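Colleague: Handing you a structure now.
No lab work stands behind these numbers, since they all come straight from the coordinates. Not measured: the values here are computed from a predicted model. All Cβ positions, even for glycine, are placed from backbone atoms using ideal geometry, and neighbour counts span all protein chains on display.
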Amino acid sequence: MSNSPPQLPRVTILSGSTGFVGRELLGRILARSSDERLVLPIRGTRDRTARERADALLERVVPDPETRRKAAERIEVVETDLGSDEGWHPEEVLARTAGASCRLIHGAASVSFDLPLELARAVNVAGTRRMLDLAEDIDARGRLEHFAYISTAFVAGERSGTAFEHELDVGQGFSNTYERTKFEAESLAQERAKALPISIYRPSIVAGHSETGETSDFKVLYWPLKVLARGLVPLIPGRADASYDIVPVDFVAESLLRLLDTRPAAGSTFHLTAARTITMDEILDISTALFGVRRPPVVSPRVFTSFVRPLLEVVLWGRPRDVVLRTGRVYYPYLIKALRFDHANAASALSGQGLSLPDTEAYVRSILSYARDTDFGRTTTR
Ligand SMILES: NC(=O)c1ccc[n+]([C@@H]2O[C@H](COP(=O)([O-])OP(=O)(O)OC[C@H]3O[C@@H](n4cnc5c(N)ncnc54)[C@H](OP(=O)(O)O)[C@@H]3O)[C@@H](O)[C@H]2O)c1
């Protein structure tokens, strides 16, 4: 007879479940086990409680009503604003994990590029600290299995060349408050990993499904492509050889969960990144052909700032003016970046798991086709 202690039931505390990556994680956690419970810290909105948001989320993530009913029984929701002390109720989260072994997956963040620094810090840094404190409390009760922190490959900031998984602070600058605060948050997580079982996951630019290109979210990468498709981009202030690392959302979620199953060593860091980067030139080739629009010229940022911009301030009006001179400004840094992410650690830890990355060009073609066919989320292909 075995003398091993009875296994505790497992609870996963998943923050950011209403977001693009979080939804994918939630669906997969629900599908891969029938008894693992989930605690979801979710914000209420002006017109919906956190529970109502969770119910709406479940309808999207679990289409079959009977399966959904069972899934709902496994989920507890705690109304939570991770960005403020008043909105943070760790004791309620703790109460819902009593007697269980806990995994925490912290994906909640503000991904906006242009939030004022203090607001971005409130969610991305202080929110991460709150989740780490919770993990510490759970660990003190002897019930912490693992903490997975979803960072970003762009903690590399304004570096160029190749960023490695073991690197974090190399004295880099940052393009915006998002990169800076994600760097600060990862630094916190790495610090706490000296005492707690914490691993770090750094996706690059996350986009639609690896095979169908399907996406539930048209933010980040999709906005510049949408304005391009609408013929609203008269020119691009950037570099034709700027490079992009675009990775499918299903690959990111599945990789994270599989890596988490292996209980990686504390401090392990994984780049969840593409098979290869793709250049602006290649993306323009594919997208202008697919969208049937004129290819905008790419103008070097120096020429743009010194000569073209002052001219455009005078001659450009309406939406194109807004796109190039105002709304599109947050994207300028990404029109010149030439950054690669080495993912040897992730590749080695995932080898033999049957997970593969799609061919980059075919994948980009597929996400752009999906965006075109749904008019960037306005219609559905089904
Ligand atoms: N998308 C990418 O290309 C990408 C690339 C690399 C890394 N990542 C990382 O992946 C994670 C998820 O990103 P995503 O693309 O899924 O972003 P997203 O769609 O904007 O989702 C963000 C999630 O965080 C939640 N959240 C934000 N502020 C919160 C607060 N104050 N309290 C509680 N919850 C809050 C959001 O809740 P609401 O629904 O209430 O807003 C949402 O569930 C982030 O950590 C991001 O840095 C994303």
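Colleague: Let me know the shape class of the range 216-255, please: from the alpha-carbon gyration tensor, a ≥ b ≥ c as square roots of the eigenvalues, rounded when a/c is under 1.5, otherwise prolate if a/b is greater than b/c, or oblate.
Modeller: Numbers: a/c = 4.60, a/b = 1.67, b/c = 2.76.
Oblate, because a/c is 1.5 or more while a/b does not exceed b/c.
Colleague: Quick one: net charge around residue 286, please, counting Lys, Arg +1 and Asp, Glu -1 for every other residue with C-beta under 9 Å from its C-beta. Could you put the intermediate results ahead of the total?
Modeller: Numbers: positive: 365; negative: 282, 285, 361.
Neighbour charge sum, excluding residue 286 itself: -2.
Colleague: Show that you can apply the helix-only estimate: for the chain, add -39,500 (n - 2.57) for every DSSP H stretch of four or more residues, divide by all residues, and state [θ] at 222 nm to the nearest 500. Please report the intermediate quantities before stating the final value.
Modeller: Details: 14 runs with 144 residues, N = 382.
It comes out at -11000 deg cm²/dmol, rounded to the nearest 500.
Colleague: Also, I was wondering about something else. So who's got an amide H within less than 5 Å of the one on residue 39, skipping anything under 5 residues away but keeping other chains? H placed 1.01 Å off N, in plane.
Modeller: Under 5 Å from the amide H of residue 39 lie the amide H atoms of 12, 13, 14, 76, each far enough along the sequence or on another chain.
Colleague: Ok, one more. R0 = 51 Å: FRET efficiency of residue 60 with residue 307, Cβ-based, nearest 0.05? Mind dumping the intermediate values first?
Modeller: Values: r = 48 Å, r/R0 = 0.94.
FRET efficiency, residue 60 to residue 307: 0.60.
Colleague: How many angstrom lie between the C-alpha centres of the range 249-274 and the range 178-223?
Modeller: Computed from Cα coordinates, the inter-centre distance equals 11 Å.
Colleague: Please name which of 357, 316, 379 has its Cα lying farthest along the dipole of the range 282-382 towards the positive end, using unit charges on Cβ (Lys, Arg +1; Asp, Glu -1) and the Cα centre as origin.
Modeller: Highest projection toward the positive end goes to 316.
Colleague: Number of Lys pairs in the chain with C-alpha atoms less than 27 angstrom apart, excluding same-chain neighbours closer than eight positions? Intermediate results must be reported in sequence, preceding the final value.
Modeller: Numbers: 182/194; 182/219; 182/226; 182/337; 219/337; 226/337.
Final tally of qualifying lysine pairs is 6.
Colleague: What residue among 26, 355, 82 has the largest mean-square fluctuation in a Gaussian network model of the chain, using Cα springs under 10 Å?
Modeller: Largest GNM mean-square fluctuation: 355.
Colleague: Which of 262, 12, 97 moves the most in a Gaussian network model of the chain with Cα springs under 10 Å?
Modeller: Its mean-square fluctuation being the largest, the pick is 262.
Colleague: When the dipole is taken about the Cα centre of the range 10-203, and only Lys, Arg (+1) and Asp, Glu (-1) are charged at their Cβ, what size is it in debye, to the nearest 20? Working shown, then result.
Modeller: On the way: 28 positive and 32 negative charges, 108 e Å.
Here the size comes out at about 520 debye.
Colleague: Give me the net charge of residue 19's neighbourhood, meaning all other residues with Cβ under 13 Å from the Cβ of residue 19; Lys, Arg count +1, Asp, Glu -1.
Modeller: Working: positive: 23, 43, 53, 60, 219; negative: 24, 217.
Its environment carries a net charge of +3.
Colleague: Then there's this: Where does each of 209, 166 land when they are ranked from fewest to most other beta-carbon atoms within 10 angstrom? Each step should come with its number before you reach the end.
Modeller: Details: 209 19, 166 11.
The fewest-first ordering by Cβ neighbours comes to 166, 209.
Colleague: Sort 57, 357, 25 so the one with the fewest other Cβ atoms within 10 Å of its own Cβ comes first. Don't skip to the end; give the middle numbers.
Modeller: Details: 57 21, 357 18, 25 27.
Exposure proxy ranking, most exposed first: 357, 57, 25.
Colleague: Next up: Which of 267, 291, 18 sits farthest toward the positive end of the charge dipole of the chain, with +1 on the Cβ of Lys and Arg and -1 on the Cβ of Asp and Glu?
Modeller: Final value for the positive-end residue is 291.
Colleague: Can you compute the modelled spin-label distance between residue 85 and residue 223, with each label point 7 Å from Cα toward Cβ, in nm?
Modeller: 3.3 nm
Colleague: Rank the residues 76, 92 as a footprinting-exposure proxy: fewest other Cβ atoms within 10 Å of their Cβ go first. Kindly include the intermediate steps, with their values, before the conclusion.
Modeller: Details: 76 19, 92 14.
If I rank by nearby Cβ atoms, fewest first, I get 92, 76.
Colleague: Who wins for biggest fluctuation among 109, 140, 156 in a Gaussian network model of the chain, springs between alpha carbons below 10 Å?
Modeller: 140
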